[in-house]
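Each reported figure results from applying straightforward, stated rules to the coordinates on display, with no laboratory input. Note that the coordinates shown come from a computational prediction; the quantities given were computed from them, not determined experimentally. Please note: Cβ atoms are built from the backbone with ideal geometry, for glycine as well, and neighbour counts cover all protein chains shown.
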Amino acid sequence: MLDLTIRLGEVMLSSGSGTADVVATAQDVAQAFRLTDCVVDITFTTIIVSAQTSPDSDPVTLVRAVRNRATDYTRLSELDDLVRRITAGGVTPDEAHQAMDELTQRPHRYPRWLATLGWAGFALGVAMLLGGGWITCGLAAATTAAIDRVGRVLNRVKLPFFFLQASGAAIATAVAVVASRITGQSPETLIATGIVVLLSGLTLVAAVQDALTGYMVTATARLGDVIFMTAGIVVGIVIVLELSTLVGYRVAVDVGTPTPYRTPDQPLPIAVAVFGAALAGLSLMVACYAPLRSVPAAAIASGLAQLLVIGFGLIGFGQVVSSGLAAVAVGLAATLVSVRRRAPAVVVVMAGITPLLPGLSVFRAVFASVESRVDDGLGQMLAATAIALALGAGVVMGEFLSSPLRLGAGWLGRRLRVDGTPGLRRGVGIAVTLRATEPVTTADEPLAVAGSLPLVPVEPDAVDELVAQTQLRPPQGSRSERDSRDEDDEPRVLPGVGDQGGPDVPGSGAAGS
């Protein structure tokens, strides 16, 4: 059972889920299999799970390294279904292990060439969003497909990810420089498109979520990962720009523009931008092997986010505020889709914010630095950082505001939410404690688990009673009781119990439904 729990956490962590989500979901599964004192700890690349199988046994601790970061949203959706079945009760450990083996060993839903086409479609949509012409859009799609294929070859030889990012950025910049030389067009849109493909938006959102939910170690590690990957992009751009200068062709780009994105103000450009964002979100889901049922929701979320950015920009809001408000809407949409069980929330989040990542600002910042215009470069980089943080914080705020829907609070929540167990949990928003519908009996011998127990939310008024029932009195004759009594058979005060307040209910930390 511990092995099942840690493997579940590995799939979630490798798919970009927040630490609070992984911990809450893993504890739900452990509690469903009668491990009520399971401890889950995560340090970005390592998952540690520990629990006592019986009161008289020593704790069993498993450690698993998470090295594979391949994104497969079909696998994540199937894991969501598996967790829902386990927490609904009746699934035996053997059945759960068999299902986990099947979903982790099953090949990707789509062939690899279709995923490459998905990345090409994503680049095409982003180029349309940025206002590129038909030559730029075609080159963006072809360049991104080449970046994906080259990255796949380099990944086979175990090249560090920093160099994969640098090589991808170098390919995008080289194609843009050559195309600029031939056609006379500015290369910034083409380079920005390639950078958006390489930027890690989901890692940034997870970093912000971890920081806001109290997991500062993993938040710092994820943020460092984002910075390091962005540094690889910068290196690739700088190398190609320097080489182009050495061969006598200096790229001309206007980096003095006060805003990183020119908001369209005519019906046709607005429609093209919104359609491009929707196409980017749809194609991204194909590239990440998402289930077909989640593709329409992803396209709608992407198009809606871009429409909101344009709308707020026309009203007079700046790019940072517009991006943050659009991200709030993405967080709301992600929660609504997840409670309707069309897809895990992380899928909609990825599709909604990735087309909005500030690739154009990153390129302008790098270019200004190469041209020795440090002030302009610093300003553009700060603008890019502010937009990225606004996207991450906006998504978290949107999920926080919509978290009552996950609990079915109020008439609206009851109408929207599908009845049943929550599946993959979200750690943002209103916390909820789950408990088994049947009392978990303890004995001196390890429990023979026939099947999982169904979990139901605990009413807030009943949490104290649950603590008293499950924590205060150890089982008769167990080691914990013998250790809690002195020679005169007087009960000792257990740590954390008494006037200072009772211990927390396992699994009741920062866990959303």
Inset, instruction - Output the peptides 358-369, 157-168, 30-41, 47-58 sorted from most to least packed, where packing is the average of other Cβ atoms within 10 Å over each peptide's residues. - result: 358-369, 30-41, 47-58, 157-168
Legend entry - Proximal charge balance of H108 [Cβ under 9 Å; K/R count +1, D/E count -1]: +3
Inset, instruction - Convert each backbone phi in the range 24-32 into a coupling constant with the Karplus relation 6.51 cos²θ - 1.76 cosθ + 1.60 (shift: θ = phi - 60°), then list the ³J(HN,Hα) values in order as whole Hz, x for Gly and Pro. - result: 5, 5, 4, 5, 4, 5, 4, 5, 4
Inset, instruction - Would you tally the net charge around A393, using a Cβ to Cβ cut-off of less than 13 Å, leaving A393 out, and scoring K and R as +1, D and E as -1? - result: -2
Legend entry - Rel. contact order, % - alpha carbon contacts under 8 angstrom, at least six apart, the range 129-230: 27 percent
Inset, instruction - Using the charge dipole of the range 1-119 (Lys, Arg: +1 at Cβ; Asp, Glu: -1 at Cβ; taken about the Cα centre), state which of I48, L62, S17 has its Cα farthest towards the positive end. - result: S17
Inset, instruction - Could you run the Karplus curve 6.51 cos²θ - 1.76 cosθ + 1.60 with θ = phi - 60° over the range 73-84 and give me ³J(HN,Hα) per residue in whole Hz, x for Gly and Pro? - result: 6, 5, 4, 5, 5, 5, 5, 4, 5, 5, 4, 5
Legend entry - Vicinal HN-Hα couplings computed from phi for the range 91-108 (Karplus, 6.51 cos²θ - 1.76 cosθ + 1.60; Hz; Gly/Pro x): 8, 7, x, 5, 5, 5, 5, 5, 5, 5, 4, 5, 6, 7, 9, 5, x, 4
